[in-house]
1. Taking just the alpha-carbon atoms of segment 134-226, what radius of gyration and Dmax come out, in angstrom?
2. Using helices alone, what [θ] at 222 nm do you get for the chain, with -39,500 (n - 2.57) per DSSP H run of 4 or more residues, divided over all residues and rounded to the nearest 500?
3. Given a Förster distance of 22 Å, report the FRET efficiency between residue 214 and residue 114 from their Cβ-Cβ distance, rounded to the nearest 0.05.
4. Distance from the Cα centre of segment 240-265 to that of segment 140-202, in angstrom?
5. May I ask for log10 I(q)/I(0) of the chain at q = 0.07, 0.13 Å⁻¹, from a Debye sum over the Cα atoms as equal point scatterers with solvent left out?
6. Sequence gap at least 6, Cα distance under 8 Å: using those rules, report the relative contact order of the chain to the nearest whole percent.
7. Scale the Cα Rg of segment 54-101 by the rule-of-thumb value 2.2 N^0.38 Å and send over the ratio, two decimals.
8. Fewest to most neighbouring Cβ within 10 Å: what's the order for 230, 244?
Amino acid sequence: MRRKFTLGVRLGAFAASLPAVALFPGFAAHASDIPLAIIGPHEYDLPVDFKPFNVLVQYGDGNAAGHTYDSLGNRQPRGGSHTWAGMTKYVHFRSFDAIPHVGFAFELIQSESFALANGQNWGGLGTTIVGPAAWFKPNKHSTLGIQTFMETPSGTRDSTAMHYWANLSSIIFDYEWKHFSFDGDLGSVVSSTKHRNGEHSYSAGNVFYTNLRFSWKATKMVEPFFSLDWQNTGGMHDNTSNLWVANSSSRETALGVGAMFNVTPHFSITPRYSHSVEGRNTPETNAYYMKIVYLW
């Protein structure tokens, strides 16, 4: 039996909520990071009318962004960075007799990150992400729902903190065939104003994104899949100067391949490689992803 019950959030919401080029004096982007890019196949293949259960998920990725897309969409051999990110997630699933045929989940996520860029390195615990999800099944083969997460502004180090609140909300969906699976999400990220003592106040542009996964159920244990991740980020506004930050809007599309290994009915491992195919004002994605799920 394939393990399905995970739900998805992104690694490094900081990088996705802000344009991925230098925005503030002395600030350089940590990495290209499309929201929810870490999800795997069956991320939203979820049950209804079930007994409560729990899931522990560990996500991780390493991105070697040796190139950057400029404002014209040209790939330039500069401005990249090497990043390693992780996210530890606990999810509690439950349903209610008073609300039949609807599933619910609550997630608590702690992000971790380490980066090398411009001769400097930094790392530590990043922001904390919390939020609920709810879904129903239009038929026995499909799932449709919504999820919304709040992300805190703090981190263990100044370089791993966002310094503003953010909300990530998306529509989630899944459809299962006998030998294939298709699921994904479509959503946005909105942020509060960024305030820091002695610096200008900034409003980050809204982010729109989608993540799609199409898999082949080759065997009960192995499931190869293709991925498509896309984001578009609006420009940043300097509220103190009442000016728009030049070249602060960005866009990226990344394609990838991977495989889900169902080691046991309660344990799975999902590695994937993904690379940008086009972008604007963002470091490229050149990343390896890993997802480990334990269900009890």
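1. Answer for segment 134-226, Rg first and Dmax second: 18.7, 59 Å.
2. Calculated at 222 nm, the ellipticity per residue is -500 deg cm²/dmol.
3. Result of the calculation: an efficiency of 0.10.
4. Cα centroid to Cα centroid, the span is 11 Å.
5. Debye curve over Cα of the chain, log10 I(q)/I(0) at q = 0.07, 0.13 Å⁻¹: -0.25, -0.86.
6. Once divided by the residue count of the chain, the mean separation gives 21 percent.
7. After normalising by residue count via 2.2 N^0.38 Å, the value is 2.11.
8. Ranked by crowding around the Cβ, least crowded first: 244, 230.
Taken together, the values in this text are just the output of simple stated rules run on the coordinates, not laboratory data. Predicted model only: the values in this text are computed from it and were never measured. Virtual Cβ from ideal backbone geometry, glycine too; neighbours counted across all protein chains shown.
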